[in-house]
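The values are calculated or read from the model by the stated rules, or taken from the named source; none is laboratory data. The structure displayed is predicted, hence computed values, not measured ones. Note: ideal-geometry Cβ built from the backbone for every residue, glycine included; neighbour counts use all protein chains shown.
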Amino acid sequence: EIRLILGEPGPNRGARAAAMQHFVDEVSARTDGEVVIDVQWGGALFKANAAVGAIADGVADLGTIIGVYFPQEMVAYGIADLPLVNADSWVGMRATDALIRNSEPIQASLANQNLVYLGTFTTSEVNIGCKDAAIRSVEDIEGLKVRGVGAYGDTFRDYGANMVPMSIYDAYQGLDTGLLDCSQGYSYAVGALRQEEVMTSYTLLNWGQVGALGIFMNKDVYDGLSPDIQTALAEAGVSMADKLGELITADNEAAIEKMRGAGVEIIALDTAERDKLVERGETYVTEWIAQAGGAGLDGQALLDSYNDLLVKYAEERDAQGYPWTR
Amino acid sequence: MLKRFEQFLLDLAAAAVAGLCLLITVSVVLRATVNSGIPDTVVLVAELMVAAITLPLAAATLARAHIVIELLAQNLPRRVQDWLVVLGSVIGLLALLPLLYAGWHEVSKTFASGSYYFGQLNLPKWPGRLIFLVGLGFCWLRLLIMVVGDLRTILRGDHIDASGGSTKEMMAEQE
Amino acid sequence: MDGTVVGLVAFASVIGLLAIRVPIAFTLALVAALGSFVIYAFRTGDFTPWRALRPTSSMVFSNSFDLIHSYDLSMIPLFVALGHIAYRADITTRIYHAARVWLTHVPGGVAMASVVGCGGFSAITGSSIACASTMGRICTPEMLRMGYDKRLATASVAAGGTLGSLIPPSVLFIIYGIFTETSISALFLAGILPGLISLLGFLLVIWIWVWRDPDAAPVYDQKVTMGDRMRAALDAWPAIALFVIIVGGIYGGIFTATEAAAICVSAAVLIGFAQRTLTLRALWESLRETCIQTASIFFIAAAAKIFVAFIALTGVAPAIVGAVTEAQLSPAVLLLAIAVIYLLLGMFLDPIGIMVLTLPLMIPLVEGYGFDLIWFGVVVIKLLEIGLITPPVGLNVFVIANVVGREVPIDRIFAGILRFLTIDVLVLILIMSFPIISLLIPGSM
Ligand code: NA
Ligand code: NA
């Protein structure tokens, strides 16, 4: 029996934790119980901003890395955080997974850091909820006090939003007291944090997602495993994306229903307005290509393959439906 | 010489507290008045926190301000108490070693790789780590000097005055 | 090598080293580093020390550095600075003068006022340590100067500080909410009544203490007229102004609870300069004092964080919770067992660390018993708050010890704490027996 330690910054609750548990169970099942993974939840071993070093140094054998904490080390993975057009969780995860898993330059850059990629999550599509305000067009953004997420927040800033530094957990109070007008976030998180109680409108941006978070493994430990176990880890990683896609899609839909029930106005942002956001967000895509170049990667080529993969998995979804509905 | 440098580090730490206070205040005022702010406040404040907390450690060590529980020790013979003070410092020397080792490793790694924080300014990660290393490094040096001094005191046949000074008394000593 | 054994040896070593006067921060850091080294060295079965070097140092570094490298925790040095600056700007002395002339005939009145002050301060900060640091700096030296019993002057504020996490806002409730997916706002509301009951309990302790030992709190026997009182109250305006700014700012949506600390310090400096009670030199000395005081507290907190990561490696927490799960206890006995576990862990570990280590296993267990998670949250937070004032590692007590220095040894403070612990246990039993105390307010919203 091989016991591995997995470090996870989040709690053992919610869709992502369930997908993580699914990964752990799948690894056990696919190795006939030879590999057992002990999860340390809640950042008990290391916080999210120390994950790259902690996994590379063997503090844990494997663990979750959140890309935004490592814009330089995880520059290639950062592609999944870019404000590109794809609001579908499953499509995003599978495209990211296929890109990272199969790109030799990315694998080499990870290996340089003593890391191996195993599987990917997503926080799902970024939307925005407001109190006593409503975003129906980009003009509405001007002058609002907003809690933002990565490049999506930066784009809002470019449209005149005043960004307030605050965690998603404090957003409830921020909206309640009027410190915030709006908070960017994810539908399931709005539901879990009861933010619908303090929101009056919720705009579905139909834009993109934050997807650069996933499980990575210490390369020394990985190399010491048999090829069968390595295969099992990879398959469990892909299966994790399918599982999270199923769970998070359902959670997001349920949360939006809950918001409707609480009297929150659900606004679907007009496509033309959405395109203005996408256009402005291209600055950050260009910036990323330059950063990738600085790390010795061909950013434009990676972006092209990523866009192709997004199309590919969207087509697969349209032709066959999601894996859990097949 | 070292003592003066420790005072300088303490002044830097005080400046860091003033700096982070000013940074937060100005960003709140800008937000409330002209609907604007200072970029990357969160990262800047966190970096200043490292300076505020680690740079005074050497001065705190010199003042024997590290908190101890004396309940049992105070009933022991005076000579034994002296040796326990030395033991405490030696344990401090050992406890700091892995932090210094890893701190050095971190500074060189983040400096060489050019790691930075996500944000508008893409601030580098190495300065905070370097400050951490400097703060703990001087704390270690101070402990070492104190161990040597305390051993001399014991060998001379004198006793160590190790009662931790309150902050107030400590400041009086320094003025 | 069995992790649980390593963990238990570590707990014993901590007690042993603390008993022989080794500084708390050094003890926790060294035991955690050595323990982790042993666990990493034995991970592959045989003893491979060279393989343990990198993970041990990496783990020790990241846990201590990340604790210090924190935007949110900046409120602690800032609130400590507020205490120092307000003292040097003559703001605190005036509040105490006002409290003294108003509470002439109330035995122990100033200690009670300090505890009520802690309760008020809890409404603006989410951290018990911040609460104890600020109020400790403001209240304790004044009480000592008035001739209060040293145990009473220190213990009342250390205990009062624990209201910080029970009365909203509260960092601990936020973390509990994340781990249980319960409504953070409901948890905040649930903490209000238990917080107030704890506050009343502390007042009762002071009342009984002074009633049995009148010398513990000297009464101000000068003749005081109504005019004196009004003048004293008017003189205390800067403190009242600060309180209005901070509460109005947070609840009026102008700044966050974290930002409030900085705003308050800036406002105190402005008031001090405007009144010509604060000089630049005094301001600088306040900041230097602040740094030394916060450095040694953060040093302990950082070492405690390393210790938590080490305990996570040992698997002690799942072993304990697993044993409780398998025992299939009755609900009442389970609750008792949980209380004992949290009190034991609370002797050594910090509240956030304990939650991170235990909640992932504890919550499914108590859910299986059908416990209300909001009420259980209040029980857990109350237990964790008690841990802040129990020996040997009681962060709130260390904070106060730090302020008073050699004037009051730590074991004297712990001796005073004993009386407050008694009432805390009674309040705890009340909260555990009557869930309605916690659920009344959130239920009515
Ligand atoms: Na509070
Ligand atoms: Na304790």
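Worth pointing out:
- Residue check, C:ALA319 buried (at least 24 other Cβ atoms within 10 Å of the Cβ), more than 21 Å from C:SER165 (Cβ to Cβ) and more than 16 Å from ligand 1 (Cβ to nearest atom): no
This table checks each residue for (1) within 13 Å of chain C (Cβ to nearest Cβ); (2) assigned to a helix (DSSP H, G or I); (3) more than 17 Å from A:VAL126 (Cα to Cα).
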position	(1), (2), (3)
A:ALA171	yes, yes, no
A:ASP176	yes, yes, yes
A:LEU179	yes, no, yes
A:GLY191	yes, yes, no
A:THR203	no, no, no
A:PHE216	no, no, yes
A:ASP220	yes, yes, yes
A:GLN230	no, yes, yes
A:ALA234	no, yes, yes
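- Between C:ILE184, C:ILE246, the distinction of being within 15 Å of ligand 1 (Cβ to nearest atom), touching a Cys at 6+ places or on another chain (Cβ under 9 Å) and within 14 Å of chain A (Cβ to nearest Cβ) belongs to C:ILE246 only.
- Only one entry in C:VAL403, C:VAL378 is assigned to a helix (DSSP H, G or I) and in contact with a Lys or Arg (Cβ under 8 Å, 6 or more places away or on another chain), namely C:VAL403.
- Of all residues in region C:344-370, those that are outside any helix (DSSP H, G or I) and either small (Gly, Ala, Ser) or within 16 Å of ligand 1 (Cβ to nearest atom) (or both) total 1.
- Residue ID - nearest to the chain's Cα centre (by Cα), chosen from residues in region B:55-79 that are among the β-branched types (Val, Ile, Thr) and within 7 Å of chain C (Cβ to nearest Cβ): B:ILE67
- Residue check, C:PHE420 among the aromatic types (Phe, Trp, Tyr), more than 11 Å from ligand 2 (Cβ to nearest atom) and either more than 24 Å from C:SER170 (Cβ to Cβ) or more than 8 Å from every other protein chain (Cβ to nearest Cβ) (or both): yes
- Comparison of C:ALA153, C:ALA123 shows that the only residue that is farther than 13 Å from C:ALA216 by Cα and touching a residue at least 24 places away in the same chain (Cβ under 8 Å) is C:ALA123.
- Residue that is nearest to C:ALA10 (Cα to Cα) [pool: residues in region C:287-322 that are of a type in the set (Ser, Thr, Tyr) and within 12 Å of chain B (Cβ to nearest Cβ)]: C:SER296
- C:VAL379 within 14 Å of chain A (Cβ to nearest Cβ) and either out of contact with any strand residue (DSSP E or B) (no Cβ under 9 Å at 6 or more places or on another chain) or more than 16 Å from ligand 2 (Cβ to nearest atom) (or both): no
- Test: residue in region C:323-342 that is more than 14 Å from chain A (Cβ to nearest Cβ) and within 16 Å of ligand 1 (Cβ to nearest atom): no
- Selection status of C:LEU388, under 16 Å from C:ALA158 (Cβ atoms), modelled with pLDDT of 90 or more and within 16 Å of ligand 1 (Cβ to nearest atom): yes
- Hits in region C:160-209 - residues which are within 16 Å of ligand 2 (Cβ to nearest atom) and either of a type in the set (Ser, Thr, Tyr) or more than 14 Å from the chain's Cα centre (by Cα) (or both): C:THR162, C:SER165
- Qualifying positions in region A:221-266 - hydroxyl-bearing (Ser, Thr, Tyr) and over 22 Å from C:GLU181 (Cβ atoms): A:TYR222, A:SER226, A:THR231, A:SER239
- Members of region A:168-222 that are under 19 Å from the mean Cα position of the chain (by Cα) and among the aromatic types (Phe, Trp, Tyr): A:TYR169, A:TYR186, A:TYR188, A:TRP207, A:PHE216
- Among the residues of region C:131-171, those that are within 16 Å of ligand 1 (Cβ to nearest atom) and among the polar types (S, T, N, Q) comprise C:SER133, C:THR134, C:THR162, C:SER165, C:SER170.
- Only helices (runs of 4 or more DSSP H) whose full extent lies in region B:1-94 are considered here, and the ones with at least 3 residues that are more than 20 Å from B:VAL147 (Cβ to Cβ) are B:2-34, B:41-54.
- Selected residue [without any contact (Cβ under 8 Å) to a residue 60 or more places away in the chain and among the β-branched types (Val, Ile, Thr)] from C:ILE250, C:ILE263: C:ILE263
- Members of region C:19-32 found to be over 16 Å from B:THR61 (Cβ atoms) and surrounded by fewer than 24 Cβ atoms within 10 Å (Cβ to Cβ), listed by number: C:ALA19, C:ILE20
- Within region C:139-150, if we keep just the residues that are assigned to a helix (DSSP H, G or I) and more than 14 Å from chain B (Cβ to nearest Cβ), the residue that is farthest from ligand 2 (Cβ to nearest atom) turns out to be C:MET143.
- When the test is whether a residue is polar (S, T, N, Q), buried (at least 21 other Cβ atoms within 10 Å of the Cβ) and either in contact with a Gly (Cβ under 9 Å, 6 or more places away or on another chain) or without any contact (Cβ under 8 Å) to a residue 60 or more places away in the chain (or both), C:THR314 passes it.
- Residues of region A:260-278 that turn out to be part of a helix (DSSP H, G or I), closer than 21 Å to A:LYS131 by Cα and small (Gly, Ala, Ser), as a count: 1
- Taken as a whole, the condition of being within 10 Å of another protein chain (Cβ to nearest Cβ) and part of a helix (DSSP H, G or I) does not apply to C:ALA239.
- Test result for A:GLN72, within 14 Å of chain B (Cβ to nearest Cβ), over 16 Å from A:GLY211 (Cβ atoms), surrounded by fewer than 23 Cβ atoms within 10 Å (Cβ to Cβ) and touching a Ser or Thr at 6+ places or on another chain (Cβ under 6 Å): yes
- C:CYS118 satisfies every condition listed in (1) away from every other protein chain (no Cβ under 12 Å); (2) surrounded by fewer than 24 Cβ atoms within 10 Å (Cβ to Cβ); (3) within 16 Å of ligand 1 (Cβ to nearest atom) except (2).
- Filter result (small (Gly, Ala, Ser) and surrounded by 12 or more Cβ atoms within 10 Å (Cβ to Cβ)) within region C:214-242: C:ALA216, C:ALA217, C:ALA232, C:ALA233, C:ALA236, C:ALA239, C:ALA241
Residue-wise test of (1) surrounded by fewer than 22 Cβ atoms within 10 Å (Cβ to Cβ); (2) touching a Cys at 6+ places or on another chain (Cβ under 6 Å); (3) over 24 Å from B:LEU133 (Cα atoms).
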residue	(1), (2), (3)
B:PHE5	yes, no, no
B:ASP40	yes, no, no
B:VAL43	no, no, no
B:ALA58	no, yes, no
B:ALA63	no, no, no
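- Exactly one residue out of C:ILE178, C:ILE197 is at pLDDT 90 or above and more than 10 Å from ligand 1 (Cβ to nearest atom): that is C:ILE197.
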